[in-house]
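Visitor: Supplied in structure tokens, the structure appears directly below.
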Amino acid sequence: MASAAKVLSVGLGDLVSSRNAALRTAGFDVIAAISIEEVFQQCVPARFDVAIVGHAFTIHERAEFVRCIRGIFRLPVILIAADEALTSIQADSHIHVEAPAEDLVCAINRIIEDKRSPDMQFGRAG
């Protein structure tokens, strides 16, 4: 049996708590972080399958989270956004803040499947 996918959930507020609860219910192992320091504390000793960056941060903060998580830790990132302007931030997937939890679960599963694909593992994608 495959182990649960490990998700780093970066965000603030009650929406993040309910998002994390929904992801745990869907079978994911969810670890929360609320700052760049916590991202480092979580990512240095542990390996994650995907990271989610919430919408409660400023645009600058979200861009910094995405750059750090993708660049340093080489993790795919799902960006939760409230408007189309944030699609300019280079994330692996964008989910609207009001989208149902099922959309986020599908995005996580799609990214994990892409990572496990033999074409992706050996750099033959495309």
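Visitor: In segment 112-126, which residue that is part of a helix (DSSP H, G or I) and either modelled with pLDDT of 95 or more or among the basic types (Lys, Arg) (or both) is surrounded by the most Cβ atoms within 10 Å (Cβ to Cβ)?
Guide: Lys115
Visitor: Restricting to segment 60-74, give me the number of residues that are surrounded by fewer than 19 Cβ atoms within 10 Å (Cβ to Cβ), among the aliphatic types (A, V, I, L, M) and either in contact with a helix residue (DSSP H, G or I) (Cβ under 7 Å, 6 or more places away or on another chain) or not in a helix (DSSP H, G or I) (or both).
Guide: 1
Visitor: Still on this structure: Against the conditions (1) under 16 Å from Ser35 (Cα atoms); (2) modelled with pLDDT of 95 or more, where does Ala107 fall short? Just the number, please.
Guide: (1)
Visitor: May I pose another question? From the list Ala99, Ala46, Ala56, Ala91, pick out the single residue that is within 14 Å of the chain's Cα centre (by Cα), surrounded by 11 or more Cβ atoms within 10 Å (Cβ to Cβ) and not in a helix (DSSP H, G or I).
Guide: Ala91
Visitor: Confirm whether Asp29 is open to solvent by less than 60 Å² (accessible area, probe 1.4 Å), of a type in the set (D, E, K, R), within 13 Å of Leu8 (Cβ to Cβ) and modelled with pLDDT of 95 or more.
Guide: no
Visitor: Report, by residue number, each residue of segment 31-89 that is touching an Asp or Glu at 6+ places or on another chain (Cβ under 7 Å) and more than 21 Å from Ile112 (Cα to Cα).
Guide: Ile36
Visitor: To continue, here is another question. Scanning segment 75-88 for residues that are assigned to a loop (DSSP other than H, G, I, E, B) and at pLDDT 95 or above, which turns out farthest from Glu37 (Cα to Cα)?
Guide: Pro76
Visitor: Which residues, taken from segment 1-24, are at pLDDT 95 or above and of a type in the set (Ser, Thr, Tyr)?
Guide: Once the filter is applied, which keeps residues that are at pLDDT 95 or above and of a type in the set (Ser, Thr, Tyr), segment 1-24 yields only Ser9.
The values are calculated or read from the model by the stated rules, or taken from the named source; none is laboratory data. Keep in mind that what you see is a predicted model, and the values were worked out from it rather than measured. Cβ: placed from backbone, ideal geometry, glycine included. Neighbour counts: every protein chain shown. Each accessible area value is taken on the protein alone, full model and side chains, heavy atoms only, with ligands, DNA and RNA left out. Shrake-Rupley method; radii C 1.70, N 1.55, O 1.52, S 1.80 Å.
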